[in-house]
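Engineer: I'd like to ask some things about the structure below.
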Amino acid sequence: MSETIKIAYLYEDLMNTYGDSGDVKILSFLLKEQGYDTQVDNISLDMDFNAFDYDFLFFGGGQDFEQSVVATDLQRHRQTIKDYIEDDKPMLCICGGYQFLGKYYETSGGKTIQCLDVLPLHTVFKADSRMIGDTEYKTEWGTVKAFENHSGRTYFDDKKMLKPFGTMIQGYGNNPDDKQEGMRYKNVIGSYSHGPILKNENVARAIADKIVQAHKERMAATSNK
């Protein structure tokens, strides 16, 4: 009988643009290759959620209206997500999901939307200078090719704590100035890469391995109770 790996898809019904749900499908396929079944739960509005019930958290991107709805509801989950991240558990956040990990994002009209404030970064929207197109960048797992479409410019507030996920070859990444794509902190990855990003098998397999390790740790902790 196969073991079941549990994946929490945060706001799947609201945060799923440009093929982001494909990331979870790809991971499920790779985990099946390793002998695991997967259970994917949509954690949406007004639902209870304990991050430690899961082996992997996924947070996709959304349009402006959907993000405003999620921003209001998301604060209920701040502590469990923060504790999960600090406990070195794996998480992948794309575009809006990536932005939500930071302190805030500032709209083009100057309004400040509070985010989770679990990592030291922030985002500023420039509606008149959208960053869109194919991207290519280098990561510790090799080259990644994807697609970006965002007006938000993300900046690190603590460059010693946060590291970029990749170094740009083509495209914008976090912003037009830094030549960096995404963010790494412990086992969390934030990225502006749609397409989905995990069509890049090198990254997909690396994350799948981290999920399997997290699952083994969760099962060991459960058996010791």
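Engineer: Do we find a residue being under 16 Å from the mean Cα position of the chain (by Cα), within 21 Å of A204 (Cβ to Cβ) and touching a residue at least 12 places away in the same chain (Cβ under 8 Å) anywhere in segment 60-69?
Structural biologist: Yes, segment 60-69 contains a residue that is under 16 Å from the mean Cα position of the chain (by Cα), within 21 Å of A204 (Cβ to Cβ) and touching a residue at least 12 places away in the same chain (Cβ under 8 Å).
Engineer: Is it the case that segment 41-52 has a residue that's out of contact with any strand residue (DSSP E or B) (no Cβ under 7 Å at 6 or more places or on another chain), part of a helix (DSSP H, G or I) and at pLDDT 95 or above?
Structural biologist: Within segment 41-52, one or more residues are out of contact with any strand residue (DSSP E or B) (no Cβ under 7 Å at 6 or more places or on another chain), part of a helix (DSSP H, G or I) and at pLDDT 95 or above.
Engineer: Sort out which residues of segment 12-32 are under 22 Å from F147 (Cβ atoms), open to solvent by less than 70 Å² (accessible area, probe 1.4 Å) and in contact (Cβ under 8 Å) with a residue 60 or more places away in the chain, and write them in order of number.
Structural biologist: If the condition is that a residue be under 22 Å from F147 (Cβ atoms), open to solvent by less than 70 Å² (accessible area, probe 1.4 Å) and in contact (Cβ under 8 Å) with a residue 60 or more places away in the chain, then M15, T17, G19, D20, S21, G22, D23, I26, L27, L30 are the ones that fit.
Engineer: Given the conditions (1) farther than 21 Å from E66 by Cα; (2) part of a helix (DSSP H, G or I); (3) not small (G, A, S), and given that D37 satisfies all but one, which numbered condition is not satisfied?
Structural biologist: (2)
Engineer: Identify the single condition in (1) open to solvent by less than 40 Å² (accessible area, probe 1.4 Å); (2) in contact with a Lys or Arg (Cβ under 7 Å, 6 or more places away or on another chain); (3) farther than 19 Å from F58 by Cβ; (4) polar (S, T, N, Q) that S129 does not satisfy, given that it satisfies every other one.
Structural biologist: With (1) open to solvent by less than 40 Å² (accessible area, probe 1.4 Å); (2) in contact with a Lys or Arg (Cβ under 7 Å, 6 or more places away or on another chain); (3) farther than 19 Å from F58 by Cβ; (4) polar (S, T, N, Q) applied to S129, the lone miss is (2).
Engineer: Out of segment 62-109, which residues are closer than 25 Å to Y172 by Cβ, open to solvent by 50 Å² or more (accessible area, probe 1.4 Å) and not in a strand (DSSP E or B)?
Structural biologist: Matches in segment 62-109: Q63, D64, F65, E66, S68, K103, S108, G109.
Engineer: Somewhere in segment 177-195, is a residue of a type in the set (D, E), at pLDDT 95 or above and part of a strand (DSSP E or B)?
Structural biologist: Scanning segment 177-195, I find at least one residue that is of a type in the set (D, E), at pLDDT 95 or above and part of a strand (DSSP E or B), so the answer is yes.
Engineer: Now for a separate question. Do we have S129 as of a type in the set (S, T, Y), at pLDDT below 95, over 24 Å from K160 (Cα atoms) and in a loop (DSSP other than H, G, I, E, B) here?
Structural biologist: Considered against the rule, which asks whether it is of a type in the set (S, T, Y), at pLDDT below 95, over 24 Å from K160 (Cα atoms) and in a loop (DSSP other than H, G, I, E, B), S129 comes out as yes.
Okay, residues lined up against (1) touching a Leu at 6+ places or on another chain (Cβ under 6 Å); (2) under 20 Å from T17 (Cα atoms):
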| residue | (1), (2) |
| --- | --- |
| F125 | no, yes |
| E140 | no, no |
| T143 | no, no |
| R153 | no, yes |
| K163 | no, no |
| I189 | yes, yes |
| A204 | yes, yes |
| K210 | no, no |
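The values are calculated or read from the model by the stated rules, or taken from the named source; none is laboratory data. These figures come from a predicted structure and were not determined experimentally. For neighbour counting, all protein chains shown are included, and Cβ atoms are generated from backbone atoms with ideal geometry for every residue, glycine included. Please note that ligands, DNA and RNA were not included when accessible areas were found on the heavy atoms of the full protein model with its side chains. Shrake-Rupley method; radii C 1.70, N 1.55, O 1.52, S 1.80 Å.
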